[in-house]
Each structure stands twice: as C-alpha cells, then as structure tokens.
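Just so it is clear, none of the values below were taken in a lab; they were calculated from the coordinates. Predicted model, so just to flag it, every value in this text is computed and none were measured. Note that we place each Cβ from the backbone using ideal geometry, even for glycine, and neighbour counts take in every protein chain shown.
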Amino acid sequence: MNKIELTEFVRKKILEIGFDLVGFSEAKVLDEESEKLKVWLLNRYHADMQWIDETFEKRIIPFKVLPEAKSIISVGLNYYQKNRINTLPENSGRISRYAWGKDYHKVIEKKFKTLRKILNEISPNSKNKFYVDYGPTMDKVWAVKSGLGWMGKHTNVINTSIGSWFFIGTVLTSIEFEPDNPIADMCGECRICIDACPTGAIVNDYVLDASKCISYHTIENKNEIPHELIGKFENYVFGCDICQDVCPWNIKLQIETNEGEFASNPIEYIKEDELKLLDENEFKEKYKGRPILRTGLKNLKRNFEFIKLKERSKV
Ligand code: B12
Ligand code: SF4
Ligand code: SF4
C-alpha cells in the first residue's frame, strides 16, 4: 500500500471501531500555538492547573513525547444526548452533558486497544502513544490540524456534521500518514457563546480564562470557589455546557451519540438530599465508572453549597 492507500485503510478501520471522526496531521513543533499557550500561562488563565505549565515543552514538541513521531491521528467520539428533563427538579445540581454516561476515558481506551492492534499489524515495529484528555498534548490543536473541525470562539472544536459535542483522542505514531487539510473557521461575526457565558470566562475571541470558568471550578478547583462568582453557576455542580448549548451549530445539528456506554442510564442531575446520605464508599459505589468521581464527594458537596449561595444572595 502507498501512503494514501494506507491512510484511507486506517481511516476506514477507525470509523469501524466506532469513532465518529478521524483525521491525520504531520507531527511537528507547534510554533504559533506555543506563543499563544505561553501568553495564556503568563496571564494565569490556567488558574491552579500547574500541570499544564509543567508539561509546556511536551505540549508543543510532540517529539518530546514520542521521538519517532511522524504523524498524529486525531479521533472524535460524539457524546451528544438530548436533555431528558425540561426543568431541573428542586434542590438538584446540573451535570454537564459530557459526564452523563460512562467515563469517556475508559470508553475511548477500549477503542484504542483495537486501534493499537491495527497499527501493530500494519507496522509491527511502529511506536504509538494513545491519549484522551490526560496526555501532555494539545488535543484541540491537533484535531484542528487534522481537519476534524475549527476552534470555536468558546474554544471547543466544532465539526460541521456533529457540532462540538465530541471527545478528542490523540495518537502519536511513527507511521507516516497522508495529512488532511484543516477546515475554515465558521464562527464569522457570531459571538453568542461569549455573551452567554454567565461568568465572562471567554475573555476574548478564542481565549478562555479558566479561573472564571464554571467547568474549572466545579471539577478541577480543589479550594474555595471565589465569591465574585456567587449566583452565576446556573445550578451546575459538575462542568458547564452553556457556551456550547447556545452555539447555532449545536442547536442546528443535535446528532445523538451511537455510543451505548454514554446513552445507557444517563445521569443528568443529582439531588442534594440523595448525595447528603452517602458516605465516601457509597458515593464511589453509586457513581462507579462515571466522570463525576473525579470531583469527589467533598467537592461535589462544596459545589452544592456554592449554588445555594445564589438563593441566599437573592434574598
Ligand atoms: C485544561 C482543560 C480544560 C480547562 C481549560 C479549557 C481550555 N479551553 O483550555 C477547563 C477545566 C476550563 C476545561 C473545560 C472544559 N473542557 Co477541557 N480540557 C482541558 C485539556 C486537558 C487541556 C486544554 C489546553 O491545553 N488548554 C490550554 C489552552 C491555551 O489551549 P487551547 O485552548 O487548545 O489553545 C488555543 C486557544 O486557546 C487559542 N488561543 C489562545 N490564546 C489566543 C490568543 C489569540 C489572539 C487567538 C486568536 C487564539 C488564542 O489558540 C490556542 C492554540 O491554538 C484538554 C485535553 C488536552 N490534553 O488537550 C481538555 C478538553 C479541551 N476539554 C474538553 C471538554 C469537553 C471540556 C468541557 C466542554 C467540559 C464541560 N462540559 O464542562 C469544558 C469546556 C469549557 C470551554 N469553554 O472550553 C475537550 C474538548 C473537545 C472539543 N470538541 O473541543 C478536551 C479536548 C478533552 C478531550 N480530549 O476530549 N477543560
Ligand atoms: S463552560 Fe460555562 S463558564 Fe466556562 S466558558 Fe463556557 S459558558 Fe462560560
Ligand atoms: S456560538 Fe458563535 S462564536 Fe461561539 S463557537 Fe458557536 S458559532 Fe462560534
């Protein structure tokens, strides 16, 4: 097989595994993006996520992660499901859509196992590194380079067929594939997401200040949530979907996921009363294999206390 045939063969296989999107790009140093990431870090938009700073070099130089890297394969998995409820029940906290189902890391790792076998069959001596979310890689940047979509002003990658409701997997490989072309930015003059963000976290087109983002505070922040954000969390206790919910591309497309692990038994909200009754072990058992375990019981309770401050501040 020549390079183009090989690329098309692997593309087909990846879609057969159950990924919704796939694209290829050339492994290279991210010069332009490195400047943006540097400024982003200097502005302290990463809040307490010190690990981004600590892995700066790896994020912009893929060869620091895999010296033999020739290509990057970006894959996308749609997680969109329509809301099951119209109004949130009393004393409940909203869970963002990406965490309704089973832990996406596990779901994607399972598919990666099959992909690893395929790559090893094609090239038994190939070197391959597979990441979803946790890698020292700029998943969105590679997804854009691989043509999966463009970076929306809310800083999520948007695809013209499924919108922005997809996870990105990044594979660094020593196999050389034919690169795809990036697609054009289709945000145009729109700024709906920027105006809709209740905390003003999208500080500029394509720039997010995590220290103001509900998603950061409800998931990553291990300390106190700043008081200036009281009353702005729109009842979210895990993640936030507001900037993506309002995006015209997502409103138009609404393509439901084919992934059973996401669609079966989705948890759209949590009742505070139920959470209060659980101890650490019961919490782990009840939410086993689900992303919300990441926050832990203590911080989930903290998030509930925080959204309640809204009610008190209104009185
Ligand atoms: C840290 C992190 C977060 C942080 C910071 C988010 C962010 N926008 O950076 C927090 C905790 C807030 C977060 C939240 C969410 N996250 Co997150 N997160 C990550 C992680 C681990 C790293 C992202 C990163 O490198 N950020 C640093 C910034 C600087 O990188 P960047 O955005 O790619 O940088 C570009 C732009 O900022 C822009 N830019 C920066 N400065 C400037 C200046 C100018 C002038 C211009 C024009 C552009 C520009 O250009 C940069 C380079 O191209 C990735 C996984 C990974 N390893 O990549 C997931 C990831 C980005 N998250 C993801 C998801 C799903 C979410 C949430 C939707 C979850 C939720 N529902 O709550 C929210 C979305 C919030 C939002 N509006 O972006 C997905 C996104 C999938 C997609 N379709 O895009 C990823 C890719 C995980 C995955 N593998 O699927 N996340
Ligand atoms: S995820 Fe929520 S808080 Fe963060 S930028 Fe989007 S709308 Fe704003
Ligand atoms: S809401 Fe508008 S500006 Fe924001 S990402 Fe969607 S199309 Fe782009």
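For the chain, the membrane-span-like helices by this rule, meaning whole DSSP H stretches whose C-alpha atoms cover at least 20 Å of axis and whose Kyte-Doolittle mean is -0.5 or above, are 3-17; this says nothing about an actual membrane.
For a paramagnetic label modelled on residue 263 (point 7 Å from Cα along Cα→Cβ), amide N atoms under 16 Å away are absent within the range 123-158. Shape class of the range 231-315 from the alpha-carbon gyration tensor: oblate, with a/c at 1.5 or above and b/c at least as large as a/b. For residue 80, the residues 5 or more places off, or on other chains, whose built amide H falls under 5 Å of its own are 257. Between residue 205 and residue 64, the contour length at 0.36 nm per residue exceeds the Cα-Cα span by 47.7 nm. Here the chain is assigned +1 on the Cβ of each Lys and Arg and -1 on the Cβ of each Asp and Glu. Its dipole about the Cα centre then comes out at about 540 debye.
Remark: the Cα gyration tensor places the range 164-315 in the oblate category, a/c being 1.5 or greater and a/b not exceeding b/c.
Looking at the chain, what % of its DSSP beta bridges pair antiparallel, to the nearest 5? Don't skip to the end; give the middle numbers.
On the way: 27 of 29 bridges.
Taking every DSSP beta bridge within the chain, about 95 percent pair in antiparallel fashion.
For the chain, what does the equivalent ellipsoid look like in terms of its semi-axes, each the square root of 5 times an eigenvalue of the Cα gyration tensor, given largest first in whole Å? One finds semi-axes of 34, 22, 19 Å for the chain. Each peptide among 87-94, 18-25 gets the average number of other Cβ atoms lying within 10 Å of its residues, and from highest to lowest they stand as 18-25, 87-94. By the rule of a C-alpha distance below 20 Å, with chain neighbours fewer than 8 residues away ignored, the lysines paired with residue 276 are 222, 284, 286, 288, 298, 301, 308, 310.
Applying a 4.7 Å cutoff between beta carbons, the unpaired cysteines of the chain are 187, 190, 197, 213, 240, 247. Rounded to whole Å, give me the distance from the Cα center of the range 87-121 to that of the range 197-255. Centre-to-centre (Cα) distance: 20 Å. Each peptide in 74-80, 199-205 was scored by the mean count of other Cβ atoms within 10 Å over its residues; highest first, the order is 74-80, 199-205. With r as the distance between the Cβ atoms of residue 228 and residue 43 and R0 = 25 Å, compute the FRET efficiency 1/(1 + (r/R0)^6) and round to 0.05. FRET efficiency, residue 43 to residue 228: 0.90.
Computed on the range 27-166, with alpha-carbon pairs under 8 angstrom and 6+ residues apart, the relative contact order is 28 percent. Taking 7 Å steps out from each Cα toward its Cβ at residue 235 and residue 86 produces label points 1.4 nm apart.
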